[in-house]
Amino acid sequence: MALRLVPAWLILSVVLGALTYWTESRRVDAFVFDLAIEAARHFNTPANAAMFHGDPEDHRQALREFIEQTDFVSLRLYSSEQGLLIEVWKKENRDLAAAAAAHRHAFPAAGDRHHNKIQVEGALYIQVLVPLISPERRIFGYLEGIYKLAPQTLEAVAHRVRDALLLVLLVVALTTSALYPVIMALNRDTLRLSAALLDSNVELMRTLGSAIAKRDSDTDAHNYRVTIYAVRLAQALGRPKDEIAALIAGAFLHDVGKIGIPDGILLKPGKLSAAEFDTIKTHVSIGEVILGESKWLEKARDVVAYHHEKYDGTGYLRGMKGDAIPFNARLFAIVDVFDALTSRRPYKPALPLDEVMRILTGGRGAHFDPRILDVFAPLAPRLLREYAAAEETCLRGCLAEFEKCYF
């Protein structure tokens with residue numbers, strides 16, 4: 001749950017942080033533009049309206065005094081017909097003049113205004129263009145000014161954005177921290193039930209597989225061994241976790257379809273007739289039907305349905321060939337035959353390892369996938385030494401460890 005909440009917290013922090021930054025930046029923009037507009041209102045008086053009549057040069061000194069007393073660095077006065085009357089700068093600044101010239105605005109209508117930000121040499125300027133309105137609600141001129149924000153104003157603005165951003169991030173972090181125990185408390189029962197359901201499914205797999213194995217050979221040690229062999233081989237091949245989980249289920253249930261085979265054929269001590277062998281083959285399709293009744297056991301289908309296929313296409317039931325056979329089925333076919341050959345059965349003794357490996361090598365590329373067999377060959381001696389003669393309780397414990405790891 002923590003691993004899920006942390007990414008959610010990070011994503012929420014980024015999204016809300018960006019939204020807060022954007023919102024606060026808009027507010028700051030509105031604030032600094034209002035400062036510039038408020039300063040421009042000095043000209044919206046009858047006394048200053050006289051600057052727009054007569055010779056504009058008569059008012060140059062008054063404009064210079066005005067910008068010296070304010071944070072304007074440049075002023076332009078335009079007539080009501082939008083012609084330039086006079087331009088005054090506090091001091092020459094060619095970079096700022098060039099930047100301002102790049103932002104020419106259409107003259108706004110009454111009640112409107114145009115503005116933009118300009119940054120030059122680390123300083124922030126606001127360029128505004130506003131219409132000047134007479135008491136009769138007529139435009140008698142236009143004022144274009146470049147207003148410089150004072151350093152202390154910029155610092156206050158930066159602090160405002162930073163504080164708002166930190167507050168949002170802190171609220172998100174505290175909310176996430178407060179929600180974690182609440183969510184855990186709400187989901188504790190669900191997690192417990194989910195774990196119990198998983199345990200029940202695994203137990204069902206074990207019980208069903210063991211029941212069939214004991215009916216067939218009076219022991220389920222074969223099921224445990226082939227499953228352990230299959231997992232160890234899959235680990236050596238670096239297979240993904242979910243694939244190994246499916247392999248465990250398939251290996252333990254590989255002969256589940258034998259529940260539908262009559263005892264007279266399944267337990268016959270002698271050689272089977274062709275008709276009897278055809279009946280034995282049906283355990284594959286019966287197993288598929290059984291697995292189809294359980295969604296959880298469906299993961300075992302690849303092994304149950306295809307572990308009697310052969311790499312050269314001579315297997316049953318479908319005669320599939322090469323990589324068309326599911327990977328888990330190709331892997332399991334090797335360990336299934338390996339255990340059958342190295343185990344003692346009522347009708348045969350256990351074969352020595354050298355003879356078993358000669359048989360397996362003889363089936364390389366015919367019965368078995370050569371690439372998987374090449375990885376299995378060096379593992380075989382150790383697997384035989386560790387598990388061939390192991391007690392059933394030991395095998396059960398080993399399989400339980402695999403189940404904890406992969407389910």
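Accessible surface area normalised per residue over the chain is 54 Å², counting heavy atoms of protein chains with a 1.4 Å rolling probe. Taking the charge dipole of the chain about its Cα centre, with +1 at Lys and Arg Cβ atoms and -1 at Asp and Glu Cβ atoms, the residue from Tyr406, Tyr306, Ala106 reaching farthest to the positive side is Tyr306. Largest GNM mean-square fluctuation among Tyr142, Tyr306, Tyr316, using the chain with Cα springs under 10 Å: Tyr142. Structure remark: mean-square fluctuation, Gaussian network model of the chain, C-alpha springs under 10 Å; the largest value among Glu392, Glu155, Glu288 belongs to Glu155. Look at where the Cα atoms of the range 133-190 and of the range 334-406 average out, and the two centres are 68 Å apart. Each of the peptides 350-358, 322-330 was scored by the mean count of other Cβ atoms within 10 Å over its residues; in descending order, highest first, they stand as 322-330, 350-358. Tell me whether the range 264-396 comes out rounded, prolate or oblate; compute the Cα gyration tensor, take square roots of the eigenvalues as a ≥ b ≥ c, and use a/c under 1.5 as the rounded threshold. Judged from the Cα gyration tensor, the range 264-396 comes out rounded (a/c under 1.5).
Note on the chain: with neighbouring protein chains present and a 1.4 Å probe, carbon and sulfur make up 58 percent of its accessible heavy-atom surface.
Where both partners of a DSSP beta bridge lie in the chain, what percent of those bridges are antiparallel, to the nearest 5? That works out to approximately 95 percent antiparallel. Between Ala97 and Val15, the FRET efficiency estimated from the beta carbon spacing at R0 = 30 angstrom works out to 0.15. In terms of the mean number of neighbouring beta-carbon atoms within 10 Å, the peptides 74-81, 97-104, 336-343 order highest first as 336-343, 74-81, 97-104.
Which of rounded, prolate or oblate describes the chain when judged by the alpha-carbon gyration tensor and an a/c cut-off of 1.5? Prolate. Entry note, the chain: relative contact order of 12 percent, from Cα contacts under 8 Å with a spacing of 6+ residues. Only helices enter this figure: runs of n ≥ 4 DSSP H residues, each worth -39500 (n - 2.57), summed and divided by the residues of the chain, yield -19500 deg cm²/dmol at 222 nm to the nearest 500. Given R₀ = 56 Å, FRET efficiency for Asp323-Arg26 by Cβ-Cβ distance, to 0.05? Computed FRET efficiency for Asp323 and Arg26 comes out at 0.40. Applying a threshold of 28 Å to the alpha-carbon distances of Lys241/Lys310; Lys268/Lys321; Lys258/Lys299; Lys310/Lys404; Lys90/Lys117; Lys91/Lys117 flags Lys268/Lys321; Lys310/Lys404 as lying beyond it. Taken as entire DSSP H runs, the helices of the chain that both span 18 Å or more between Cα atoms along their own long axis and average 0.0 or more on the Kyte-Doolittle scale are 2-40, 151-217, 221-236, 327-342, 370-387. Taking other residues whose beta carbon is less than 12 angstrom from the beta carbon of Cys394, and scoring Lys, Arg as +1 and Asp, Glu as -1, yields -2. Name all residues of the range 51-67 having a backbone nitrogen under 18 Å from the label point set 7 Å from the Cα of Lys90 along its Cα→Cβ direction, giving them as ranges. Output list for this probe position: 61-67. Each Cα pair under 8 Å and six or more residues apart adds its separation to the average, and for the range 322-402 the resulting relative contact order is 27 percent.
The values are calculated or read from the model by the stated rules, or taken from the named source; none is laboratory data. Keep in mind it's a predicted model, so treat the numbers as computed, not measured. Reconstructed Cβ throughout: ideal geometry from the backbone, glycine too, with neighbour counts over all protein chains shown. The protein model used for the area step is the full one, side chains on, heavy atoms only, and it has no ligands, DNA or RNA in it. Shrake-Rupley method; radii C 1.70, N 1.55, O 1.52, S 1.80 Å.
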